[in-house]
1. What is the Rg over Rh value, at two decimals, for the range 411-465, using alpha-carbon atoms and the Kirkwood definition of Rh?
2. If amide H atoms are built 1.01 Å from N in the plane of the peptide, which residues on other chains or at least 5 residues away come under 5 Å of the amide H of LEU684?
3. Let's see if you can work this out: charge +1 on each Lys and Arg Cβ, -1 on each Asp and Glu Cβ, no other charges. What is the dipole magnitude of the range 587-673 about its Cα centre, in debye to the nearest 20?
4. Tell me what the chain gives for mean residue ellipticity at 222 nm when only DSSP H runs of n ≥ 4 count, each as -39,500 (n - 2.57), the sum divided by the residue total, rounded to 500 deg cm²/dmol.
5. Rg (Å, one decimal) plus Dmax (Å, integer) for the alpha carbons of the range 217-305?
6. Apply the Karplus curve 6.51 cos²θ - 1.76 cosθ + 1.60, θ = phi - 60°, to the phi angles in the range 570-582 and return the couplings in whole Hz, x for Gly and Pro.
7. With an 8 Å cut-off on Cα pairs and a minimum separation of 6 or more residues, tell me the relative contact order of the chain in percent.
8. Tell me which residues come under 5 Å, amide H to amide H, from LEU617 once H is placed; ignore anything under 5 positions away on its chain.
Amino acid sequence: MNSNTHRTVFRTCSLCEATCGLELQVEGDRVVRARGDSEDVFSHGYICPKGTAIAAIHEDPDRLRRPLIRRNGQHVEADWDEAFAEIEQRMLPLLEEHGRNSVAVYLGNPNAHHLAGSFYVRPVLKSLRTRNIFSASTVDQMPKHVSSGLLFGSPGTIPVPDIDRTDFLLMLGANPLESNGSLCTAPDFPGRLKAIRARGGRVVVVDPRKTRTARAADEHLFVRPGTDAMLLMGMIHALFDEELVDLGSVKDHVQGLDSVRVAAKSFSPERVAPACGVDGETIRRLARELAATERGVVYGRIGIHTVGFGTLASWATDVLNILAGKLDRPGGAMFPLAAHSRPSKGPGGRGFKTGRWQSRVRGLPEVLGELPVATLADEMETPGDDQVRAFVTIGGNPALSTPDSGRLEAALENLDFMVSVDIYCNETSRHADVILPPPSLLERGHFDCSFVGLSVRNVANYSPPVFEAEGPSESEILARLALIFGGQGAQADASELDAPMLRGLVEGHVGDPESPLHGRDADEIIAQVGERPGPEALLDVMLRMGPYGDAFGEKPGGLSLPQLEAHPHGIDLGALEARVPEILATPSAQIELAPESILRELDRLDEKLAGEEPDGLVLVGRRHLRSNNSWMHNVSSLVAGQTRCTLQMHPDDAEERSLQAGAIAEVRSRVGSVEVAVEVNADLMPGVVSLPHGWGHGQPGARLEVAAAHGGVNSNRLTDGLPLDPLSGNAVLNGIPVEVAPIAAD
Ligand code: SF4
């Protein structure tokens with residue numbers, strides 16, 4: 001391309017869940033300016049500092065452009081065929097000798113942010129046929145999937161707060177002014193919160209830290225880490241106790257109400273108050289305010305999910321919305337309708353089950369086809385049949401992002417073989433024998449399959465690649481891995497997977513008596529899709545067969561990929577609408593409020609409440625707007641300025657330990673210790689200390705020059721792999737008991 005060619009392109013930012021529209025000024029092969037797309041139908045010009053840095057990731061000299069193979073202990077560049085051949089030669093004999101479960105897979109969050117992750121990871125897993133599948137879901141969001149599965153019958157049926165129409169938003173453990181929203185896709189979260197207050201509504205934040213979000217709210221309440229389920233049960237108790245329960249529009253679709261009423265009896269606000277640190281009258285007031293505000297909603301996120309009662313807290317959040325009549329109504333908690341989703345066949349379905357198999361070492365139940373990542377090191381370290389000897393990571397950095405990571409790092413050293421699909425040689429992929437780098441974000445087409453299903457407004461946008469990829473696309477890389485693991489060989493062409501996937505999808509519709517395509521000729525449909533890369537071809541079929549689609553001519557004017565391509569600022573599909581009961585997939589076709597597993601958890605919560613609470617310090621994490629877990633620390637503009645990896649501590653706690661601002665302290669937990677600078681900060685609840693996650697760069701062999709210069713410490717050296725949320729297997733990352741002491745001057 002002529003280096004003087006200037007063009008303006010529009011693109012959805014895929015760096016976080018908010019899906020902001022970007023306007024990129026491109027000169028030749030460089031992005032010379034990135035700003036918010038003022039015409040984007042959803043974000044209206046909003047952008048955060050990460051979005052402006054999207055080109056810096058593309059241009060990062062440390063971003064890998066060619067595969068690396070480990071030779072004599074060093075990573076050296078190789079060509080693609082050589083890299084795939086190496087994988088075939090080393091992985092297949094291992095699988096032959098030790099069985100399919102001898103390989104584990106870890107899927108990182110980026111897989112949720114691109115088409116290849118949405119469509120091509122599954123064939124890799126299918127061809128590996130291992131039960132040792134792990135992902136970032138069990139460090140951040142599995143409780144939400146489990147509670148949704150139990151209540152509504154499907155783990156993907158997640159209600160989101162309808163923040164554009166609410167007048168009362170109660171947020172627990174969420175800090176969207178730093179995270180930009182999570183399991184709630186809402187570009188310009190700050191502006192949307194301001195709008196609630198501008199129209200006379202109220203925002204209340206419950207958090208052990210007075211976060212930026214808390215400071216922007218009408219009210220902030222400190223809560224002791226890990227006790228949110230108690231506080232929420234106190235509110236549920238108050239609704240029953242004060243006869244405020246009114247199920248509203250879902251009243252004919254709910255079962256188990258009496259069981260919840262009985263179970264809530266022992267959680268009076270006055271009883272839970274000392275444990276939570278929120279007084280009983282305040283808990284009652286919040287319950288009354290929720291009930292009395294016609295358009296009100298409760299939203300809980302990572303702080304309440306990454307604890308030992310994570311699923312219970314997630315369940316209680318939704319149950320509060322249901323009992324207060326806020327589910328499935330404008331301004332309450334509503335279900336988005338994604339453009340590429342398959343129309344619901346409900347109400348009614350097979351429901352949601354976990355525990356179809358157990359982990360080998362600790363006997364932990366499978367959830368959503370995965371095992372808890374907190375037990376990954378157990379599976380690698382413990383000898384015996386099915387011991388994990390090989391490892392495949394796809395877009396993840398578990399060495400920094402999973403609990404007790406010191407132990408996992410040691411286990412990675414002893415593997416027989418490891419493959420990483422990653423744009424970086426990071427703290428995890430430095431252990432890999434082969435690293436396969438996918439193209440940069442700007443070298444791929446993009447449609448956010450995951451987050452349009454969690455969006456506070458129904459929208460759809462597709463972004464074509466800005467630049468041509470230097471190597472194979474990520475879908476080609478994953479397809480070739482799937483073909484190797486499936487025995488078709490390293491020379492097999494990715495198209496050998498694309499064509500059957502597309503045909504399978506089309507034939508599924510053609511053969512479905514309820515589909516508008518029923519009885520049509522599959523070849524004729526495939527011809528209409530035309531020549532497109534594999535993921536885009538699948539997307540086009542899904543969009544056309546989705547709730548707004550043109551059904552290949554059956555619904556003229558409906559949505560298709562060509563139509564999205566013609567609308568670079570996206571298409572607004574309207575405000576969220578009521579979806580109960582058609583969305584319910586439980587066997588009863590009802591919202592099942594009181595599954596047995598939840599009632600058992602309530603008994604456990606009751607016992608916990610009756611027991612002694614430890615009185616030492618506990619550790620919580622924290623987010624920063626310029627950071628996204630571990631992988632954006634190699635961008636200078638995002639790590640510049642004051643060091644952010646500090647231990648925040650309340651002044652009283654610091655004084656008690658003779659610690660001053662800037663002093664280096666040793667933080668010690670049951671599993672490890674780190675040394676880190678102290679930041680004395682009155683925004684913390686006394687008894688709580690906070691360390692951000694995703695740091696700890698500068699490991700030997702990693703190739704992240706900028707990140708290494710801003711190394712920080714890895715908070716997961718302190719988090720413990722043993723305690724878990726039992727229903728979801730989610731790691732406990734908040735409320736970790738720690739001791740903090742000054743480092744002696746010598
Ligand atoms: S908020 Fe998220 S989607 Fe929006 S610009 Fe920032 S990183 Fe990108």
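The numbers here are math on the coordinates, done by the rules we state, and not lab data. This structure is a prediction, so every number in the text was calculated from the model and none was measured. Positions of Cβ are backbone-derived with ideal geometry, glycine not excepted, and every protein chain shown enters the neighbour counts.
1. For the range 411-465, the value is 1.19.
2. LYS210
3. 780
4. -9000 deg cm²/dmol
5. Considering the range 217-305 through its Cα atoms, Rg and Dmax are 13.2, 37 Å.
6. x, 10, 7, 9, x, 5, 5, 10, 4, 10, 8, x, 4
7. Computed over the chain, the figure is 20 percent.
8. Amide H neighbours of LEU617, under 5 Å, 5+ apart: VAL738.
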